[in-house]
Structure formats: C-alpha cells, structure tokens
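For reference, the structure discussed in these notes is given below.
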Amino acid sequence: MVLVGAQWGDEGKGKVVDYLAARVDVVVRYQGGANAGHTVVVGGREYRLHLIPSGILQGREVVIGNGVVVDPAALLREMEELAGAGCDLSLLHVSEAAHVIFPYHLVLDEVEENWRGSRRLGTTRRGIGPAYQDKFSRTGIRMGDLLHPDYLWERLSARVSHVNAVLRGVYGGREFDPQEMFRLYCDYGRRLAPYLTDTTAYLLRALREGKKVLFEGAQGCLLDIDHGTYPFVTSSSPTAGGACIGTGVAPTLIDRIYGVVKAYATRVGDGPFPTEERGEKGEILRERGREYGTTTGRPRRCGWLDLVAVRYAAQINAFDGLMLTKLDTLTGFSRLPVAVAYRWRGETWREFPRSVKVLGECEPVYRELPGWEEDLSRARSWDDLPPAARDYIRLVEEETGVPVCLVSVGPEREQTILLREV
Ligand code: IMP
C-alpha cells in the first residue's frame with residue numbers, strides 16, 4: 001500500500017503512517033530527505049522525525065529507499081534520539097543506492113536561494129535540490145560509496161574542487177576542505193555500515209514472503225517535480241509512481257494507494273495557493289492547527305480546503321481511499337468555504353491547471369458549508385460526528401469520487417475514526 005500526501009505536504013502523514021504501521025510489517029520511505037518532518041505523538045510524548053519512517057515507533061521494520069537523499073549527520077542524530085527513547089535500531093535498513101547529502105549541498109541550497117532573490121522557491125535549505133541535481137548530473141555519491149574509501153576520495157575530491165570553484169567564482173563564499181570532509185564521511189560510513197543494505201532485494205524478499213509493505217511518500221503531490229506547481233516544488237516524486245522508482249519495486253506489486261488530505265490547506269514556501277486566507281481566519285487555522293514547519297519552524301500559509309487540487313491528486317495517483325486529517329481544527333468556524341472549481345479570466349475550471357502562471361491567476365469558486373461548534377477530539381465513530389462534519393466529509397467524497405476511509409481528530413493514535421477497512 002502506498003500513502004501519498006494529496007496537497008502541498010504537511011497533511012499529517014506521520015500520524016496516519018503511525019496508525020497504519022500496526023497493520024503492516026515494513027514501512028518504506030521512497031523520496032525526499034530531511035526536508036520532511038513528521039511529528040508523531042505517542043503516549044503524550046512527541047517525536048519529530050525527518051528521515052526515519054515513524055513505523056519504527058511501532059516496532060516495525062523501516063526502510064530508507066534508494067530514492068531518498070540522506071544527510072548522514074541528520075540520520076545519526078535521529079537514530080540517537082530514537083535509541084534514547086528505547087527504539088530498536090536493528091529494524092532500520094538504509095539503501096546503499098540512496099544519495100548522500102554533503103555540507104556543500106546545504107551551502108549551495110542557501111546561496112542559490114539567496115541568488116534568486118524575489119524569485120526564490122522558499123526551500124527548506126536542507127540541501128535537497130543540490131543533492132538531487134548531483135544525482136541527475138551523475139556527480140552524486142551514494143551511501144554505499146561511503147564504505148569504499150578509495151572510491152569515495154576519488155569522487156568526493158573531484159566534486160569538492162568543482163564546488164569550490166563555483167563558490168569562489170560565482171558566490172564569493174566559503175570553500176570546503178576535501179580532506180576534512182572525507183574523514184568525517186568515512187566515519188559516518190563506519191557508523192552507518194550495519195544499516196546499509198540492498199533495500200530493493202530486501203523489499204522484494206519481504207513481498208515474496210507475503211509481508212505487508214507500506215510505502216510512505218514525503219511532502220505532497222503538488223510539490224512533485226513533474227506533477228506539482230513547478231517551479232515551486234521539491235526535487236523528487238512524492239506521487240505514487242515515485243514509490244516504484246524510489247524503491248525498485250515494480251508497479252504491479254503495489255496493490256492500493258491512499259491519499260492523505262488535511263481538512264483545510266497549507267503551504268510552506270513560495271508559489272501560488274488559490275485558497276490562501278491571509279487574514280484573521282488564516283491566523284486562526286495556523287494557531288489551532290499548530291501550522292509551523294516541523295523541520296524549519298516556518299509559519300505555514302493557511303487556507304481553505306481546495307478540492308480542485310485534491311481531485312487532481314486523486315486522478316494522478318488513482319487513490320483507492322482518502323485519509324482526512326485534522327478535522328477537529330475546523331471546529332468553531334460558522335461557515336466553511338471549500339473550493340470546488342476555479343474561475344480564470346471569466347471561465348470556470350474544474351481541472352487543476354498545469355501552468356503555474358494560470359494557477360496564480362485563478363480565483364477559487366467556493367461551496368460554503370455550515371460549520372460546527374462541537375469538539376471532535378473525542379469522536380471515535382461516524383455517529384459521534386456532528387451532522388455538519390459528516391456533510392463536510394461527504395462533500396470531499398462527492399467532489400473527488402474517492403471514499404474517505406479514515407478521519408483523524410487529534411494528534412494521538414486513538415484520535416482516529418476508521419470508516420472503511422484499509
Ligand atoms: P526543498 O524540498 O527544500 O527543495 O523545498 C522546495 C519546496 O518544497 C519549498 O516550497 C518547501 O517549503 C517545500 N517542502 C519541502 N519539504 C516539505 C515538507 O515536508 N512539507 C511541506 N513543504 C515542503
């Protein structure tokens with residue numbers, strides 16, 4: 001089963017993965033890097049994970065697939081935190097083919113963003129874009145390379161001398177000492193060696209043995225490099241197809257695909273966002289929903305649920321079901337606008353435009369639903385939900401043509417309503 005964010009990320013996938021982990025044997029992350037952030041609350045304790053799938057908190061085998069870009073320093077920090085919380089790290093498997101993030105990727109992310117000025121993308125500055133650039137320009141270094149010092153030195157020294165030339169010539173910035181970096185990354189390699197493996201072979205074996213595998217996408221499909229709001233996107237493929245590329249598991253081996261939809265919309269970083277609420281209501285959503293980035297702490301831009309965008313996500317991912325999160329956050333609004341179409345230069349569009357230029361000029365066409373006053377955080381079944389909340393869920397189903405399988409009404413594992421078996 002694949003779980004994909006159906007908006008601009010931060011849909012609450014971490015909590016859903018944590019909930020679903022109880023039903024699967026293995027959880028695998030297939031793209032992105034430490035730009036993602038999951039906040040999972042278990043027994044009142046909060047865990048902030050960036051790279052390691054939250055399934056490890058449930059004692060599941062977890063995999064970081066080849067499609068991920070790994071910052072070894074960030075990974076080791078996370079491993080230490082989890083070990084401190086009593087997690088069994090022998091459950092962790094990291095792909096030898098995942099690309100490595102080096103300090104120069106973080107610096108390049110920073111200087112390139114600054115260089116763009118007002119045309120910036122609003123990246124997380126975690127080196128994600130530059131690491132994927134290296135991957136595609138064939139100058140990247142993979143996790144398995146850290147275990148072969150001669151080969152690592154050959155590739156790293158060549159890369160660092162090029163990066164230094166760029167930093168010197170274009171940005172006039174700090175340069176890197178390749179020797180020092182080499183020693184540091186050899187040490188990372190030694191510490192991570194027990195976890196590095198051929199994760200494709202591992203996953204194929206697990207599937208052959210009948211194990212259930214959950215493929216977890218980071219970010220959301222509107223941040224997909226191909227299918228998102230380019231250029232305001234991340235550098236990888238969060239859409240369901242990315243699960244195959246990012247793990248080496250073929251499409252025919254994947255049975256179901258679920259989309260995680262937040263009951264309203266948020267976006268971090270720049271780029272068009274038709275249902276954004278810049279005023280007081282947006283502020284209320286931000287405060288009630290604690291909409292601050294797990295990774296960067298940045299306040300998220302907030303707005304109303306955009307079903308044009310979710311419908312598009314449902315089409316390109318062929319969702320079997322939706323998981324609707326943070327419904328409890330909407331309590332207390334007298335009216336709830338939901339975008340069901342866009343208006344662009346006098347025309348009404350039900351399709352999500354592929355051009356970011358057009359999207360930036362679109363005005364949402366809202367259906368206004370009555371809100372509810374009831375606190376939803378104790379609701380555990382459909383019958384516990386007030387009629388207005390049920391209508392809200394029904395509208396999501398009608399407009400997307402996809403059934404809602406699960407509703408989340410709070411950060412705790414128990415604050416989950418299962419409407420249909422998944
Ligand atoms: P990058 O992934 O750091 O290169 O950033 C590219 C775009 O993706 C920016 O708009 C980021 O804010 C956004 N982005 C990256 N990771 C996340 C995430 O986990 N949640 C939401 N937005 C993200």
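The values are calculated or read from the model by the stated rules, or taken from the named source; none is laboratory data. For clarity, every value in this text was computed on a predicted model and none was experimentally measured. Please note: Cβ atoms are built from the backbone with ideal geometry, for glycine as well, and neighbour counts cover all protein chains shown. These accessible areas exclude ligands, DNA and RNA; they are computed on the full protein's heavy atoms, side chains included. Shrake-Rupley method; radii C 1.70, N 1.55, O 1.52, S 1.80 Å.
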Pick from the stretch 224-273, criterion aromatic (Phe, Trp, Tyr), part of a loop (DSSP other than H, G, I, E, B) and open to solvent by less than 30 Å² (accessible area, probe 1.4 Å), ranking: nearest to the ligand (Cβ to nearest atom): PHE273
Failed item, numbered, when ILE56 is tested on (1) in contact with a Cys (Cβ under 6 Å, 6 or more places away or on another chain); (2) part of a strand (DSSP E or B); (3) not basic (Lys, Arg): (2)
Qualifying residue in the stretch 335-354 (condition: free of Cβ contacts under 8 Å to residues at least 12 places away in the same chain, of a type outside the set (D, E, K, R) and touching a helix residue (DSSP H, G or I) at 6+ places or on another chain (Cβ under 7 Å)): yes
Residue match in the stretch 112-125 (condition: within 19 Å of the chain's Cα centre (by Cα) and closer than 14 Å to VAL160 by Cβ): no
Residues being more than 13 Å from SER235 (Cβ to Cβ), of a type in the set (Lys, Arg) and assigned to a helix (DSSP H, G or I) - total across the stretch 116-163: 4
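Would you point out the residue of the stretch 167-216, among those that are outside any helix (DSSP H, G or I) and of a type in the set (Phe, Trp, Tyr), that is surrounded by the most Cβ atoms within 10 Å (Cβ to Cβ)?
Out of the qualifying residues, it is PHE215.
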Among residues of the stretch 22-51, those that are away from the ligand (no atom under 16 Å from the Cβ) and surrounded by fewer than 24 Cβ atoms within 10 Å (Cβ to Cβ), counted: 11
Qualifying residue in the stretch 63-76 (condition: within 16 Å of the ligand (Cβ to nearest atom), part of a strand (DSSP E or B) and over 24 Å from ARG174 (Cβ atoms)): yes
Test: residue in the stretch 325-333 that is assigned to a strand (DSSP E or B) and either within 18 Å of GLY220 (Cβ to Cβ) or touching a residue at least 60 places away in the same chain (Cβ under 8 Å) (or both): yes
Checking GLY289 against (1) open to solvent by 50 Å² or more (accessible area, probe 1.4 Å); (2) within 16 Å of the ligand (Cβ to nearest atom), the condition it does not meet: (1)
Residue in the stretch 133-146 that is under 20 Å from the mean Cα position of the chain (by Cα) and either within 16 Å of the ligand (Cβ to nearest atom) or more than 24 Å from ALA165 (Cα to Cα) (or both) present: yes
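Yes or no, residue by residue, for (1) open to solvent by 10 Å² or more (accessible area, probe 1.4 Å); (2) polar (S, T, N, Q); (3) touching a strand residue (DSSP E or B) at 6+ places or on another chain (Cβ under 7 Å):
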position	(1), (2), (3)
ASP383	yes, no, no
ILE393	no, no, yes
GLU398	yes, no, no
VAL407	no, no, yes
GLU412	yes, no, yes
Of the criteria (1) within 16 Å of the ligand (Cβ to nearest atom); (2) farther than 19 Å from GLY122 by Cβ, which one ASP198 fails: (1)
In the stretch 81-108, the residues that are touching a Pro at 6+ places or on another chain (Cβ under 7 Å) and closer than 16 Å to MET143 by Cα: VAL100, HIS105
Condition met for ARG311 (within 16 Å of the ligand (Cβ to nearest atom) and open to solvent by 10 Å² or more (accessible area, probe 1.4 Å)): no
The stretch 150-164 residues that are on the phi > 0 side of the Ramachandran plot and open to solvent by 80 Å² or more (accessible area, probe 1.4 Å), paired with ones that are part of a helix (DSSP H, G or I) and not aromatic (Phe, Trp, Tyr) (beta carbon under 9 Å, 6 or more apart): none
Condition met for MET143 (closer than 30 Å to GLY117 by Cβ and either at pLDDT 95 or above or surrounded by 14 or more Cβ atoms within 10 Å (Cβ to Cβ) (or both)): no
